[in-house]
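Notes follow once the structure below has been shown.
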Amino acid sequence: MLIPLNRRTLIAGSLALGASGFALPRIALAQASGTRNLLFVLLRGAADGLSMLAPVGDHGLEALRGASLADYDGAPRIGSFFSLHPALTEIAKAAQAGEALFVHAAATAYRERSHFDGQNLLESGGQVPYAAKDGWLNRLVGLMNAAASGEPLRALAIAPSVPLALRGDAPVSSYAPSSLPDASADFIARVGALYESDAELASLWARALETRAMASDDGLRNLRDASANGALVASLMRGERGARIAMIELDGWDTHANQRGAFARQARGLDALLAAYRSGMGDGWRDTIVLVATEFGRTAQLNGTGGTDHGTASTAMALGGGVRGGRVLADWPGLGTNQLYEGRDLAPTTALESVLAGAVAEHLGLDPAQAMARLFPGRSAAPLSGIVRG
């Protein structure tokens, strides 16, 4: 039976596909050993949550998005109130299998609608853009390493340079395929000989060669191809020597014009990437969580060019073998004129920081309060619970 969708109502088990209720958060010391994996996918450009997961049960949607509602005829339903974008076919299958969870009307504490500032706050985890110089993912690596003995866990950015979310004191590496010809074996051996007398450089060189070898196993060279991209990330994370924490960025979500076509193209790419990643992780999928987020949402009303402008709340996703999926978590604010934030945006009712902190705490076995305080300091919101199976 569907729980009524009133403001201040948390939609949970009623929208489940075979799931019910919330699990109590697990409280334990961090363990850097083991094979728990975390992949953070940042959708740069402000992905439209109302397109990603359309609230077709809200009568206000027709007045705002009437021109695009036909896209959701026959689209996969998550409960009776929301429809997933039809391009997200593999994510829909994951939801049907109970391995994909959606959090709607979510936003960080940022409200000014600048891509640069919004991304900086989301990646740094700070309260004010540019105040923090390190990122929440790097602080997570440090938290895990501090509570564990032995070799630090591997953290990796799939990018030409390390994004802010992974910058900080904890050791992190990056990897991006190059179109340049491969270096010869003789050249690599000579560089190794130069570094062998320096313990730090020798260690960094050895890890770089290991990452290169793992990536080359699948012969993947082109980050522009979404499926190859997902398989590449999996090749760098699976197995005992794989990275435990990784991040990848997907650009192109700034849909100011022709949103129906532009969003569909982006959504197909995201869907293909996550499907290939899930397949590539194999048995490791059951110990993996993927968190997908964007810096903010978009306007509820389509503009004159069939696009949307910078908004506020959007949709976040959590996927993985241990996720309590098939559900939408939403304190639904409504789409009536008086219910929109500043008369134009989907109103934020769930702190995105609480989603991220709650998910990583449950998945990695951290104290949720400690994770929230360390990763997103100064926040009053409690970490969201019930994302991962107990």
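The packing ranking, built from the mean of other Cβ atoms within 10 Å per residue, places the peptides 291-303, 265-277, 190-202, 308-320 in the order 308-320, 291-303, 265-277, 190-202, highest first.
Between the alpha-carbon centres of the range 46-94 and the range 249-325 there is a gap of 13 Å. Each Lys or Arg adds one and each Asp or Glu subtracts one; over the other residues with Cβ under 12 Å from the Cβ of S124, this totals -2. Taking a ≥ b ≥ c as the square roots of the eigenvalues of the Cα gyration tensor of the range 272-390, is the shape rounded (a/c under 1.5), prolate (a/b larger than b/c) or oblate? Because a/c hits 1.5 or more and a/b fails to exceed b/c, the range 272-390 counts as oblate.
Within the range 70-161, the chymotrypsin sites (Phe, Trp or Tyr not before Pro) that combine a DSSP coil assignment with at most 13 other C-beta atoms in a 10 angstrom radius are Y130.
Read-outs throughout are calculated quantities, based only on the coordinates presented, and are distinct from any laboratory measurement. Being a predicted model, the structure only gives us computed values, none of them experimental. Because the Cβ atoms are built from the backbone with ideal geometry, glycine has one as well, and the counts that use them run over all protein chains shown.
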